[in-house]
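Report on one structure; see the data block that follows.
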Amino acid sequence: QKEVEQDPGPLSVPEGAIVSLNCTYSNSAFQYFMWYRQYSRKGPELLMYTYSSGNKEDGRFTAQVDKSSKYISLFIRDSQPSDSATYLCAIDNQGGKLIFGQGTELSVKP
Amino acid sequence: DVKVTQSSRYLVKRTGEKVFLECVQDMDHENMFWYRQDPGLGLRLIYFSYDVKMKEKGDIPEGYSVSREKKERFSLILESASTNQTSMYLCASTLGQGRAQYFGPGTRLLVL
């Protein structure tokens, strides 16, 4: 079993839709969770950072961590064509290294 | 604002050539990382460094070496480039454990 699993998509939604992106992980000791956005042919950029369980909101983006289910989510409200990108979840493995999901390719159609 | 820069956006090299990829960060970060990213395989860690002159192997170090002579600079070296090293190479840095990593723009390397 991979330490972090993420559905690679692709996911296509109409503009204005609510998008839900998800990852599951295997080690209950993980505590630091991140979401990165990567536009085509660019490096990943940090979108959200959360510690332990709970929700974190930043504008149209909400990151959610459910440690009991070992499940992390990123919600995008009122999605825009400019949100079209690959979204990567990442978890700190307590050794200073990040474990990345495969990335979900999102396309928001006007 | 954290800034991680990589020496080249695109590189074309011949099989057998020695290739240097340079990465510089300006935020006094302790830790630096080199990844490669391939379709269907995601991000894979090649090497990382927790301090100057220190290096640790990642998941796929074969065919690569690294150098960290200064805190802000981390170089990836392909001793003898091969076609299976054609990839997107990404450098990242972070303050330490539990902190987010910040990525450079990437270098697309094509080995012919």
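Some observations on this one:
- Highest mobility in the GNM of chain B, judged by mean-square fluctuation with C-alpha springs under 10 Å and restricted to B:Tyr64, B:Tyr89, B:Tyr35, is found for B:Tyr64.
- Vicinal HN-Hα couplings computed from phi for segment B:101-112 (Karplus, 6.51 cos²θ - 1.76 cosθ + 1.60; Hz; Gly/Pro x): 8, 10, 9, x, x, x, 10, 8, 9, 10, 10, 9
- Point-to-point label distance, A:Asp58-A:Tyr39, nm (Cα→Cβ direction, 7 Å offset): 1.6
- Semi-axis lengths, Å, the protein assembly as shown, gyration tensor of Cα atoms, sqrt of 5 times eigenvalues: 30, 20, 15
- Only lysine pairs 8 or more places apart, or on different chains, with alpha-carbon atoms under 15 angstrom apart are counted in chain B, and they number 5.
- Distance between the pseudo-spin-label points of A:Ser12 and B:Lys57 (7 Å out from Cα toward the beta carbon): 4.4 nm.
- Bridge orientation summary for the protein assembly as shown: considering DSSP beta bridges with both residues in this region, about 90 percent are antiparallel.
- Distance between the pseudo-spin-label points of B:Thr83 and A:Ser68 (7 Å out from Cα toward the beta carbon): 5.4 nm.
- Computed FRET value (nearest 0.05) for A:Ser26 with B:Gln97, which takes r as the C-beta separation and R₀ as 22 Å: 0.70
- From the largest down, chain A spans 41, 27, 22 angstrom on the principal axes of its Cα atoms.
- Candidates B:Ser82, B:Ser49, B:Ser93, ranked by Gaussian network fluctuation over chain B, Cα under 10 Å, top entry: B:Ser82
- Per-residue surface analysis assigns B:Asp59 an accessible area of about 110 Å², computed on protein heavy atoms at 1.4 Å probe radius.
The values are calculated or read from the model by the stated rules, or taken from the named source; none is laboratory data. For clarity, every value in this text was computed on a predicted model and none was experimentally measured. Quick reminder, even Gly has a Cβ in these numbers, built from the backbone with ideal geometry, and neighbours come from all protein chains shown. Heads up: the accessible areas ignore ligands, DNA and RNA and are worked out on the full protein's heavy atoms, side chains in. Shrake-Rupley method; radii C 1.70, N 1.55, O 1.52, S 1.80 Å.
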